[in-house]
1. Is at least one residue of segment 177-187 surrounded by fewer than 15 Cβ atoms within 10 Å (Cβ to Cβ) and not aliphatic (A, V, I, L, M)?
2. What strands (runs of 3 or more DSSP E) lie completely within segment 74-155 and have 2 or more residues being of a type in the set (A, V, I, L, M, F, W, C), out of contact with any Ser or Thr (no Cβ under 6 Å at 6 or more places or on another chain) and surrounded by 23 or more Cβ atoms within 10 Å (Cβ to Cβ)?
3. Among the residues of segment 63-97, count how many are out of contact with any helix residue (DSSP H, G or I) (no Cβ under 9 Å at 6 or more places or on another chain) and at negative phi.
4. Filtering segment 45-73 down to residues that are surrounded by fewer than 14 Cβ atoms within 10 Å (Cβ to Cβ) and aliphatic (A, V, I, L, M), which residue is nearest to the chain's Cα centre (by Cα)?
5. Which residue out of 97, 86 is modelled with pLDDT of 95 or more, under 22 Å from residue 212 (Cβ atoms) and within 13 Å of the chain's Cα centre (by Cα)?
6. Answer with yes or no whether residue 147 is under 14 Å from the mean Cα position of the chain (by Cα), at pLDDT 90 or above and over 25 Å from residue 92 (Cα atoms).
7. Looking at segment 158-187, I want the residues that are of a type in the set (Asp, Glu) and have a partner that is in a loop (DSSP other than H, G, I, E, B) and surrounded by 22 or more Cβ atoms within 10 Å (Cβ to Cβ) with Cβ atoms under 8 Å, at least 6 apart or on another chain. Which pairs are those?
8. Residue 138 versus (1) touching a residue at least 40 places away in the same chain (Cβ under 8 Å); (2) within 14 Å of the chain's Cα centre (by Cα): which is the lone unmet condition?
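The values are calculated or read from the model by the stated rules, or taken from the named source; none is laboratory data. The shown structure was predicted, so the numbers you read here are calculated from the model rather than taken from an experiment. All Cβ positions, glycine included, derive from the backbone under ideal geometry; neighbour counts span all protein chains shown.
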Amino acid sequence: MRHVTFLLALTLAISSSVSNNRPTFTDAGEISEPLARTSVESTDVVVPDPLTLFKPEALSIKDREFMTAYRDGFTILSTDNNCRRFYGGTSDPLKVFNQMLARFSRSYIDSTMGIQMMGGYSNFMNSLNGFSYRLFAKGIINRWGPFYKQKRLNSAAYAPGRGSYPPNTRKARVLMFLHELAHLIKGTNGRWLIPDDGFDYDQSRRNTELVEKQCGEYIQKLE
């Protein structure tokens, strides 16, 4: 297997340059006062086979639900399809996907949330093709939220699903990951693929609908 230079190493090397501002970012795209301060050009000149980028050993969460969602997202993004093209059509989104998930841990937060990313973030750009993205300092998978649960307790209300999919399902989990990824990547128009939600539920729903429109066909095929 060929050696592949990962942008993850580059990210770790510049960790001291991450913004000290501490915005909050969730699977609903909730972010307040983003202030990116760094711009780094990638020197990666390798065009890797997608299979060489599959790195489950780099992830700190290794339960069945998380790893299945990782494999599902990776499979969709490594195949030539409309979903992959939405994220840029190259191997770069796979690297961002890996880096994003490598920063995730599990904890207990509001049961309506599936994922929350937080901390300062840095901007990155591949100088060869102009692919641009950002990475937050860390992320949390909510043990009480729709990623893992339908209900927090038997007497509690159901956690909300994601898009067309009920909570605590394989399809909802991968859609959450793809939603998060869309907040990290810039399109050719210089804007994030989906806009920041703030704490706007309607905007969050529209963002999820957009991601599902691009990727739902391939999510539906998951067995």
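1. Taking segment 177-187 first, the residues surrounded by fewer than 15 Cβ atoms within 10 Å (Cβ to Cβ) are 187.
Within this subset, residues satisfying the condition of being not aliphatic (A, V, I, L, M) are 187.
Checking segment 177-187: at least one residue is surrounded by fewer than 15 Cβ atoms within 10 Å (Cβ to Cβ) and not aliphatic (A, V, I, L, M).
2. 115-126, 132-142
3. Residues that pass the stated criteria total 3.
4. It comes out as 58.
5. Being modelled with pLDDT of 95 or more, under 22 Å from residue 212 (Cβ atoms) and within 13 Å of the chain's Cα centre (by Cα) holds for just one of 97, 86, which is 97.
6. Values: under 14 Å from the mean Cα position of the chain (by Cα): yes; at pLDDT 90 or above: yes; over 25 Å from residue 92 (Cα atoms): yes.
Answer is yes for this residue.
7. Listed pairs, sorted by first residue: 180/27.
8. (1)
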